[in-house]
Amino acid sequence: MKNKALMFATKAHEGQTRKNSDTPYITHPIRVAKRLEMESYSDELISAGYLHDVVEDTPYNIADIEKEFGTRVANIVAAHTEDKSKSWKERKQHTIDTLKSAEKEVRYLIIADKLDNLLGLEQDLNEQGDAIWENFNAGFEKQKWYHQAIVKNMYLGLEEDEIPCYFQEFEKAVNRVFG
Ligand SMILES: Nc1nc2c(ncn2[C@@H]2O[C@H](COP(=O)(O)OP(=O)(O)O)[C@@H](OP(=O)(O)OP(=O)(O)O)[C@H]2O)c(=O)[nH]1
């Protein structure tokens with residue numbers, strides 16, 4: 001299933017690039033999925049890692065994901081898909097609320113996604129400077145609020161042995177970039 005998810009996402013994101021460079025967009029979902037794979041998480045979660053931006057950023061919808069990959073993968077992707085018709089603040093508050101209440105696997109996906117974006121952002125800030133904030137809908141202060149709220153809520157309800165190492169990696173990156 002994971003390989004099919006990789007192929008589906010690669011085709012869906014074909015021609016798209018990341019904001020701060022002309023790197024193919026698919027490099028981001030691949031890194032997210034690989035991080036989940038390193039933790040030996042389920043094939044469904046790893047597949048959702050590959051597919052997590054397909055509904056937000058390509059013409060496919062959740063029904064397409066369900067048809068190809070089943071209900072479990074579709075539910076994980078749906079839980080981490082923003083409603084683009086809402087304002088930035090509403091969308092980010094929704095992600096924070098999801099973190100507070102969602103099942104473990106959805107949280108694992110959200111933090112793997114946020115960590116990859118933040119490490120990329122940190123590298124781009126170092127190489128290109130503050131001008132890169134202009135590529136995003138929200139600047140430094142709003143992003144600081146959002147990332148710090150994620151850190152505050154991501155551990156809620158998780159036992160010590162349910163927390164992957166990359167949660168701490170995310171917290172450290174938030175402190176470096178926004179602290
Ligand atoms: N750091 C970084 N982010 C980039 C880059 N290119 C694209 N992105 C995407 O930009 C999104 C955030 O910027 P905006 O376009 O302003 O979107 P927003 O309104 O949701 O904040 C992130 O999506 P997201 O909804 O927060 O996460 P995701 O689930 O879409 O990955 C991220 O995936 C890049 O070069 N660097």
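The values are calculated or read from the model by the stated rules, or taken from the named source; none is laboratory data. Since we're looking at a predicted model, the values are computed, not measured. Cβ: placed from backbone, ideal geometry, glycine included. Neighbour counts: every protein chain shown. Areas reflect the complete protein model, heavy atoms only, side chains present, ligands, DNA and RNA absent. Shrake-Rupley method; radii C 1.70, N 1.55, O 1.52, S 1.80 Å.
Of all residues in segment 153-171, how many are surrounded by 13 or more Cβ atoms within 10 Å (Cβ to Cβ) and either in a helix (DSSP H, G or I) or hydroxyl-bearing (Ser, Thr, Tyr) (or both)? Qualifying residue count for the region: 8. Scanning segment 1-31 for residues that are within 11 Å of the ligand (Cβ to nearest atom), in a helix (DSSP H, G or I) and open to solvent by 70 Å² or more (accessible area, probe 1.4 Å) yields a single hit, Arg31. Residues in segment 97-144 that are modelled with pLDDT under 95, within 9 Å of the ligand (Cβ to nearest atom) and open to solvent by 50 Å² or more (accessible area, probe 1.4 Å): Asn135, Phe136, Asn137.
Scanning segment 40-53 for residues that are farther than 22 Å from Leu121 by Cβ and either surrounded by 14 or more Cβ atoms within 10 Å (Cβ to Cβ) or within 10 Å of the ligand (Cβ to nearest atom) (or both) yields a count of 9.
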